[in-house]
Amino acid sequence: MPSPEQWTRPEPGAGPAATAAEPTPEQVIAGLRATTEGGAELTQLLTPEGERVSSAMFDPYVADIDAEALRGLYRDMVLVRRADREANAMQRQGQLGIWVPLLGQEAAQVGSGRALKPRDMAFPSYREHGVAYTRGVDFRELLGIFRCTDHGGWDFQQHRFHPYTIVIGNQVLNAAGYAMGQKFDGKVGGADADETAEATICYFGDGATSQGDVHEGFVWAAVYDAPLVFFCQNNQWAISEPTERQSRLPLYQRARGYGFPGIRVDGNDVLGCLAVTRWALEECRHGNGPVLIEAFTYRMDAHTTTDDPTRYRLSDELEVWKHKDPIERVRVHLARTGSADQEFFDEVQAEADRFAAELRDYCFNMPEPPPERVFANVYAEPSPVLEAQREEYLSYLAGFGAGEH
Amino acid sequence: MAAPVKSTVDTPTSSVQNLTIGKALNLGLRRAMEADDKVIVMGEDVGKLGGVFRITDGLQKDFGEHRVLDTPLAESGIIGTAVGLAVRGYRPVCEIQFEGFIFPGFDQISSQVAKLHYRTQGKVKVPIVIRVPFGGGIGAVEHHSESPESLFSHIAGLKVVSCSNPVDAYWMIQQAISADDPVLFFEPKRLYHSGALKAPVETAATPDPLFASRVLRRGDAATLVAYGPSVKVCLDAATAAEEEGRSLEVIDLRTLSPLDLEPVFESVRRTGRLITVSEASAESSLTSEIAARVQQECFYSLEAPVLRVTGFDTPYPPSKLEEHFLPDLDRVLHAVDRALDW
């Protein structure tokens, strides 16, 4: 049986061409998967061809998105993608220990992130660089995690953007608890809900939906009527495992079993994601939460820079999804409607290049954390035990002489 | 959130109440909830029922359903939502019904509760208390008699304490709740309602610090160190030994992480002999840790090896056999004999 690499990238002279070109049944299925459009219930406001389609239910939620606002969303996505590509490249150059690419998920993240109000709270997993950007987190502040100089350093309260959570699904329960707190604080519903009420959004992937914590998060949020939007980015792959390995049922339909609405939106449609998330957040702020959103999207790059997707999926699949690119459809729409000219696109690209250059410059010059950092902030209250360990170790280090280590 | 509701139990400014450990915990929780309306109690059956051991009895009636939450039946959910509530500014007190059921919550405890403060370089505090009834001797079915405290004291970022008497129960639960770090609070379940342990709790007194061990009984022949339910076993052993003319020192550790071993070192330097007592299995346990630290600090004072009287390295047996598993007075005194005869 030829390996996937042999099939997708046959080695010269590695065997009869007929054998090398024959896909395994799994690869055939994977290839067919790429033709999935998300089903009849997919909410979409902007088609892959850049056509605006109307939706009686969701158009009101993007009525304010004029040409300028749409150019803004386009710019957001281009910047985020450029930064993502730069970080990916820096990992390849050894400047980052690992990178978790978001390529292909810009619309899901920018659309949902821009739907949040400043007072709302967001709980990310570890791929939500685009959401972080919309929350005002400096992209540079994400780098410490991946250069392994810290575990995340942004101001979580100021940005209302929780630390990245790497253990799959943990953050869903944490978000449920936070949303319960919003409700207990009287921040849900009321006559002036539009001005004062709060909601929480929680990000996780298709793989996470198999975790007990996600199930429990659904249960908790439901029985406490928590103002929580579950935002599942179904990017079709949990490392090497397709969504079919996680569920028999389209993921958004799971919500029904928990007693709250579930909706599937085209995750590559930034307008659709913005509208659906605004709707869901509003439902939550008015006391009708929780809501599950399945953003149907595609992980166009590897799971992380340590991953090799050629081992488990066809490049054909990627090629099909490239036609549904989240940025390209906005560019086409802007151009076709005369809402942007080439000068605009060139400017955005130049700005993105500057953004990436700054990121690169910052990354290359990041200071090494000092050894005493090992011992810092394990506890909120002073720890004589750790202070003693720190002093002993620093004194040991000092024994090697100044300037050495 | 409504203003804190005045408890139906009056607090005279200076009052001495004769309480069991269970009642002392209940009163301590009540005081903590009165003092800070961000303190909420959450767990399975903690509301209307008052908990399967009645430790939270009456709290929901007095403080309301938003402060005493009967949660769905999932321990990861209890801990995981408590984390979010803590991030929101609450001080959740979670009850795990029996120690054997804590493991679905182990992931949240180890991955989030213990590490959020470190991960965020101190920007996020996690002031959660997780109350865990633990230990055997109640004739229970499987998973209701275990002693998993070493699994938690091993995890950096957590604090672990255990009370052994009503006075400590009353104060330590309040101190744990007001601490800014997460605290695992192990309660000796078989002693909850022990009338013999009833003690006057002076609610106007100044308590000892939370993270400090305490010498309960002075002696010079050997030192016994224990925590939780084993403290009573050691005190009984010391009383019995006294009748044989042997004076044993007894130390209640109280805090399991961080350990406060200075009083133990000081004691061992005088007695030269240490016996540690715990219901937990011995291997890789708190008793191992104490032995390692004592040999390091008291090497030249030791007249005998540090001996351990513990549960065996087996799962907890069917409870018809637990008398063989649990350290008792005779096994402790046997160890004292061995140490003195070394």
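Observations
- Restricting region B:104-139 to residues that are assigned to a loop (DSSP other than H, G, I, E, B) and of a type in the set (A, V, I, L, M, F, W, C), the residue that is nearest to the other protein chains (Cβ to nearest Cβ): B:124
- For region A:177-203, the set of residues classified as farther than 16 Å from residue A:283 by Cβ and in contact with a Phe, Trp or Tyr (Cβ under 8 Å, 6 or more places away or on another chain) consists of A:177, A:178, A:180, A:181, A:184, A:203, listed by residue number.
- Selection of first residues in region B:216-241 that are among the polar types (S, T, N, Q) and of second residues that are at pLDDT 95 or above and not in a helix (DSSP H, G or I), restricted to Cβ pairs under 7 Å at least 6 apart or on distinct chains, gives the following pairs, ordered by first then second residue: B:223/B:249; B:223/B:251; B:223/B:273; B:223/B:274; B:230/B:277; B:230/B:278; B:230/B:279; B:230/B:327.
For every residue, the table says whether it meets (1) more than 14 Å from chain B (Cβ to nearest Cβ); (2) touching a residue at least 12 places away in the same chain (Cβ under 8 Å); (3) among the acidic types (Asp, Glu).
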{"site": "A:97", "(1), (2), (3)": "yes, yes, no"}
{"site": "A:119", "(1), (2), (3)": "no, yes, no"}
{"site": "A:129", "(1), (2), (3)": "yes, yes, no"}
{"site": "A:136", "(1), (2), (3)": "yes, yes, no"}
{"site": "A:149", "(1), (2), (3)": "no, yes, no"}
{"site": "A:167", "(1), (2), (3)": "no, no, no"}
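- When region B:172-195 is limited to residues that are within 14 Å of another protein chain (Cβ to nearest Cβ) and polar (S, T, N, Q), the one that is nearest to the chain's Cα centre (by Cα) turns out to be B:175.
- Where helices (runs of 4 or more DSSP H) fall entirely within region A:209-317, those with at least 2 residues that are buried (at least 23 other Cβ atoms within 10 Å of the Cβ) and in the same structural domain as residue A:173 (by TED's automatic domain parsing) are at A:212-223, A:270-285.
- If you go through region B:152-178 and keep only what is surrounded by 21 or more Cβ atoms within 10 Å (Cβ to Cβ), of a type in the set (A, V, I, L, M) and farther than 18 Å from residue B:26 by Cβ, you end up with B:158, B:160.
- From the list A:137, A:172, the one residue that fits, being among the β-branched types (Val, Ile, Thr), in a loop (DSSP other than H, G, I, E, B) and under 28 Å from residue A:286 (Cα atoms), is A:137.
- Of all the criteria given as (1) part of a helix (DSSP H, G or I); (2) within 29 Å of residue A:94 (Cα to Cα), the one not satisfied by residue A:328 is (2).
- Selected residue (criterion: surrounded by the most Cβ atoms within 10 Å (Cβ to Cβ)) from residues of region B:48-65 that are hydrophobic (A, V, I, L, M, F, W, C) and assigned to a helix (DSSP H, G or I): B:63
- Lone unmet requirement of (1) more than 14 Å from chain B (Cβ to nearest Cβ); (2) outside any helix (DSSP H, G or I); (3) surrounded by 15 or more Cβ atoms within 10 Å (Cβ to Cβ) for residue A:321: (2)
- Residue B:37 surrounded by fewer than 22 Cβ atoms within 10 Å (Cβ to Cβ), more than 10 Å from chain A (Cβ to nearest Cβ), among the charged types (D, E, K, R) and closer than 28 Å to residue A:161 by Cβ: yes
- Selection count where residues are among the polar types (S, T, N, Q) and either in contact with a strand residue (DSSP E or B) (Cβ under 8 Å, 6 or more places away or on another chain) or touching a residue at least 12 places away in the same chain (Cβ under 8 Å) (or both), scope region B:289-311: 2
- Filter result (among the aliphatic types (A, V, I, L, M), surrounded by fewer than 17 Cβ atoms within 10 Å (Cβ to Cβ) and more than 14 Å from every other protein chain (Cβ to nearest Cβ)) within region A:356-392: A:357, A:366
- Hits in region A:190-220 (condition: at the interface with chain B (Cβ under 9 Å from one of its Cβ atoms) and in contact (Cβ under 8 Å) with a residue 60 or more places away in the chain): A:200
So that you can scan it fast, the table gives a plain yes or no per residue for (1) assigned to a strand (DSSP E or B); (2) within 30 Å of residue A:389 (Cβ to Cβ):
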position	(1), (2)
B:141	no, no
B:144	no, no
B:193	no, no
B:196	no, no
B:201	yes, no
B:228	no, yes
B:231	no, yes
B:250	yes, yes
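- Residue match in region A:123-132 (condition: touching a Gly at 6+ places or on another chain (Cβ under 7 Å), part of a helix (DSSP H, G or I), surrounded by fewer than 24 Cβ atoms within 10 Å (Cβ to Cβ) and modelled with pLDDT of 95 or more): no
- Taking region B:261-306 as the range and being surrounded by 15 or more Cβ atoms within 10 Å (Cβ to Cβ), over 19 Å from the mean Cα position of the chain (by Cα) and in a loop (DSSP other than H, G, I, E, B) as the test, the residues that pass are B:272, B:273, B:298, B:301, B:302, B:304, B:306.
- Annotation: residue A:156 fulfils all but one of (1) closer than 30 Å to residue A:362 by Cβ; (2) at the interface with another protein chain (Cβ under 8 Å from one of its Cβ atoms); (3) in contact (Cβ under 8 Å) with a residue 24 or more places away in the chain; the unmet one is (3).
- Some residue of region A:334-349 being surrounded by 15 or more Cβ atoms within 10 Å (Cβ to Cβ) and either within 23 Å of residue A:146 (Cβ to Cβ) or within 14 Å of chain B (Cβ to nearest Cβ) (or both): no
- Leading residue by the ranking (farthest from the chain's Cα centre (by Cα)) among those in region A:169-178 that are facing another protein chain (nearest Cβ under 7 Å) and among the polar types (S, T, N, Q): A:174
- Residue B:45 vs. criteria more than 14 Å from every other protein chain (Cβ to nearest Cβ), out of contact with any strand residue (DSSP E or B) (no Cβ under 7 Å at 6 or more places or on another chain) and either touching a residue at least 12 places away in the same chain (Cβ under 8 Å) or in a loop (DSSP other than H, G, I, E, B) (or both): no
- One residue stands out among those in region B:66-103 that are more than 19 Å from the chain's Cα centre (by Cα), on the phi < 0 side of the Ramachandran plot and assigned to a loop (DSSP other than H, G, I, E, B): the one that is nearest to the other protein chains (Cβ to nearest Cβ), which is B:88.
- Test for residue B:167: is it in contact with a strand residue (DSSP E or B) (Cβ under 7 Å, 6 or more places away or on another chain), away from every other protein chain (no Cβ under 11 Å) and within 18 Å of residue B:69 (Cβ to Cβ): no
- Residue under evaluation residue A:187, criteria (1) surrounded by 24 or more Cβ atoms within 10 Å (Cβ to Cβ); (2) within 12 Å of residue A:121 (Cβ to Cβ), criterion not met: (1)
- Evaluation of residue B:40 against (1) over 20 Å from residue A:228 (Cα atoms); (2) part of a loop (DSSP other than H, G, I, E, B) (one fails), failing number: (2)
The values are calculated or read from the model by the stated rules, or taken from the named source; none is laboratory data. This one's a predicted model, so the numbers in the text were calculated from it and none came from an experiment. In this analysis, Cβ positions are derived from the backbone assuming ideal geometry, glycine residues included, and neighbour counts consider all displayed protein chains.
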